[in-house]
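The values are calculated or read from the model by the stated rules, or taken from the named source; none is laboratory data. Note that this is a predicted model, so its numbers are computed, not measured. Note that we place each Cβ from the backbone using ideal geometry, even for glycine, and neighbour counts take in every protein chain shown.
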Amino acid sequence: MHELRKDILLGRWVAVLSDSKAPSEYDLPGRNRELESSCILCPGRENETPSEIISVRKPGTSNDTTGWWTRAIPSFKPLFQIEGDLGRRGIGIYDKMNSIGANEILIESPDHNIRSEDLGLEQVKRVMTLYKYRLVDLEKDSRLRYILIYKNSGKDAGEIFSHPVSYLMATPVLPKKVKDELDGAKQYYNYKERCIFCDIIREELRVGERIILETKSFVAFCPYAAKFPFESWIIPKRHNCAFQEITSEEIEDMGLMLMSILKKLRQIFNEPPFNYFLHTAPNMIPRRNHWHTLGEDFHWHLEIIPRLVRMSGFEWGSGFYILSTSPENAARYLREAG
Ligand SMILES: [Zn+2]
Ligand SMILES: [Zn+2]
Ligand SMILES: [Zn+2]
């Protein structure tokens, strides 16, 4: 089994794979690597993938056959395994644990060549619904602390399959980035007794210059102090800490907004590589002295990061980011794109 190790200085966890790669097996950035040409995720090859966990499919069709619209399957090379116990232990001064969790491939469409932004309303609703189903199901597992849903588009953003997919990674520890957001939100709430995200939404709507789009239920904007140029957030206006409580009306609104922002990025940058990820509440299993105010202080959101720049030694060494386009200008370009 793979192993999780804790960096005791910074409190973040890393996964160490049991089958160590030799130097020659690394694909260095910038060298040509082809995506798989024959696609195992296409309809008709269901019996060659791990058995599906759930699918949204045409009535009357059975699991692991054609007829699906979206399909969640376990990863081919899982980093985390679902069976077993956590095996938390100390080695000398260090902490480690077993790599318990889940990794899934969320196939977004039976159509191999379609891009996420072109899925169309009915299909994007099915994708959002699949996200919701998987979160509702996995949050019941008390060993899992966090479930991250994310997408890699383009080889430079970590894409492996040429078929449109998103991924799910459920971890037995809280990822550091999420913990930082939760801690910041909790601190603000302790001080002001208001949700920081609701305050940000109000302020962004008041000022207006960083807003990309606003619909009945959602706002999309470029954060005031974003880390990357053209970074965009989609956030629901209705306060809620967990994505899985999204209503069907909100799913429709969210799907349209996501496709629209991705289309705008495509128009401006001609299919840039990008990642998006969903930041929702951690599994709300009672933890001592912990999530008392989580329902009030955290607010789920989706972050979209187009991969336009390579990080330099300055960013790596300092965690200090440089925005070569201001969030105000980025929002204006995005608003003006068709
Ligand atoms: Zn395919
Ligand atoms: Zn809020
Ligand atoms: Zn976030």
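At-a-glance table
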| item | result |
| --- | --- |
| Matching residues in region 230-256 - criterion: being within 15 Å of ligand 3 (Cβ to nearest atom) and closer than 24 Å to PRO272 by Cβ | GLU231, SER232, TRP233, ILE234, ILE235 |
| Search result, residues across region 199-224 that are in a loop (DSSP other than H, G, I, E, B), without any contact (Cβ under 8 Å) to a residue 60 or more places away in the chain and under 28 Å from LEU135 (Cα atoms) | THR215, LYS216, SER217 |
| Condition check for LEU121: surrounded by 16 or more Cβ atoms within 10 Å (Cβ to Cβ) and either more than 19 Å from THR171 (Cβ to Cβ) or modelled with pLDDT of 95 or more (or both) | no |
| Condition check for SER260: assigned to a loop (DSSP other than H, G, I, E, B), out of contact with any helix residue (DSSP H, G or I) (no Cβ under 7 Å at 6 or more places or on another chain) and of a type in the set (Gly, Ala, Ser) | no |
| Among the candidates LYS227, LYS179, residue that is out of contact with any Ser or Thr (no Cβ under 9 Å at 6 or more places or on another chain), assigned to a loop (DSSP other than H, G, I, E, B), within 30 Å of ASP95 (Cβ to Cβ) and within 15 Å of ligand 3 (Cβ to nearest atom) | LYS227 |
| Among the residues listed as PHE161, PHE197, the single one being over 16 Å from the mean Cα position of the chain (by Cα), within 15 Å of ligand 3 (Cβ to nearest atom) and of a type outside the set (Ser, Thr, Tyr) | PHE197 |
| Top-ranked residue of region 104-116 - restricted to ones that are buried (at least 20 other Cβ atoms within 10 Å of the Cβ) and of a type outside the set (Ser, Thr, Tyr), ranked as farthest from the chain's Cα centre (by Cα) | PRO110 |
| Residue satisfying condition, being under 23 Å from TRP13 (Cβ atoms) and within 16 Å of ligand 1 (Cβ to nearest atom), within set ILE149, ILE105 | ILE105 |
| Unmet requirement for THR66, which otherwise passes all of (1) within 16 Å of ligand 1 (Cβ to nearest atom); (2) out of contact with any Pro (no Cβ under 9 Å at 6 or more places or on another chain); (3) modelled with pLDDT of 85 or more | (2) |
| Filter result (more than 17 Å from SER109 (Cα to Cα), of a type in the set (A, V, I, L, M, F, W, C) and surrounded by fewer than 21 Cβ atoms within 10 Å (Cβ to Cβ)) within region 134-168 | VAL136, LEU138, LEU148, ALA157 |
| Selection count, region 66-98, where residues are farther than 23 Å from TYR131 by Cβ and part of a loop (DSSP other than H, G, I, E, B) | 8 |
